[in-house]
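S.K.: Here's a structure for you.
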Amino acid sequence: MIEQISIGRGVAMPENSSGKGLQAYVCLGSNCANAEEMLARARQGLAALPHIRTGAASPLYCTEPQGYADQSWFFNQVIELFADASWTPCSLVDALLDIEADLGRVRSADPALRFGPRAIDADLLLFGQMRSQDPHCLVPHPRLTQRAFALVPLLDVAPHAVIDGLPATEWLSRLQYKKDGQRIFQ
């Protein structure tokens with residue numbers, strides 16, 4: 001089920017006020033040996049999607065692993081996308097999964113490694129004012145409000161973002177984390 005929610009400024013509309021299309025935000029992450037290159041390749045994959053334009057990109061952050069500590073730190077970044085009306089949350093998630101697969105992402109069958117090392121991760125954080133409860137494409141991302149590594153760069157590109165009725169800044173203030181330059185500890 002998809003419904004409209006408020007995630008930013010103004011009235012819920014299918015396009016933002018600039019007429020550039022529906023805004024979506026994707027968090028990219030990698031902790032492989034060539035993580036920065038993988039993020040660049042993922043950005044190229046996003047830019048190549050039909051009827052989507054990339055917008056602002058946050059700086060790269062070096063972030064502490066979550067859920068599975070015995071691994072290298074990640075590089076994370078949030079990218080703003082402008083999508084036309086042909087895109088839905090689920091079609092964008094499918095495209096993100098295709099980009100991950102093209103870049104060598106292999107998902108472990110071991111549930112203990114769900115948050116383990118990865119070549120690339122591309123998570124849909126927000127999709128316009130929509131909320132999706134489809135298990136394949138949950139929007140807003142179900143763990144967004146718990147992750148400084150996603151909220152900090154999201155606020156770089158969408159400082160007025162609202163998640164589940166609260167400003168993203170409020171969600172971030174509720175977390176125990178530390179930001180030191182481009183490093184995020186949580």
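The values are calculated or read from the model by the stated rules, or taken from the named source; none is laboratory data. On a predicted model such as this, the values are computed, not experimentally measured, just so you know. Don't worry about glycine lacking a Cβ; one is built from the backbone with ideal geometry, like all the others, and counts go over all protein chains shown. Only protein heavy atoms, including side chains, enter the accessible area calculation; ligands, DNA and RNA are left aside. Shrake-Rupley method; radii C 1.70, N 1.55, O 1.52, S 1.80 Å.
Yes/no matrix, rows are residues, columns are (1) at pLDDT below 95; (2) not small (Gly, Ala, Ser):
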| position | (1), (2) |
| --- | --- |
| GLY104 | yes, no |
| PRO111 | yes, yes |
| ASP123 | no, yes |
| PHE127 | no, yes |
| GLN146 | no, yes |
| PRO153 | no, yes |
| GLN176 | no, yes |
| LYS179 | no, yes |
| GLN182 | no, yes |
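S.K.: Considering only residues that are without any contact (Cβ under 8 Å) to a residue 60 or more places away in the chain, closer than 18 Å to GLY67 by Cα and open to solvent by 10 Å² or more (accessible area, probe 1.4 Å), which ones fall in the range 144-171?
M.R.: Selection gives THR145, GLN146.
S.K.: Name, by its number, the condition in (1) open to solvent by 30 Å² or more (accessible area, probe 1.4 Å); (2) not in a strand (DSSP E or B) that does not hold for HIS141.
M.R.: (1)
S.K.: Please work out which one of (1) without any contact (Cβ under 8 Å) to a residue 60 or more places away in the chain; (2) more than 19 Å from ASP156 (Cβ to Cβ); (3) basic (Lys, Arg) is the condition ARG43 fails and give its number.
M.R.: (2)
S.K.: So which strands (runs of 3 or more DSSP E) are wholly in the range 34-117 and hold at least 1 residues that are open to solvent by 40 Å² or more (accessible area, probe 1.4 Å) and closer than 25 Å to LYS20 by Cα?
M.R.: Answer list for the range 34-117: 52-57.
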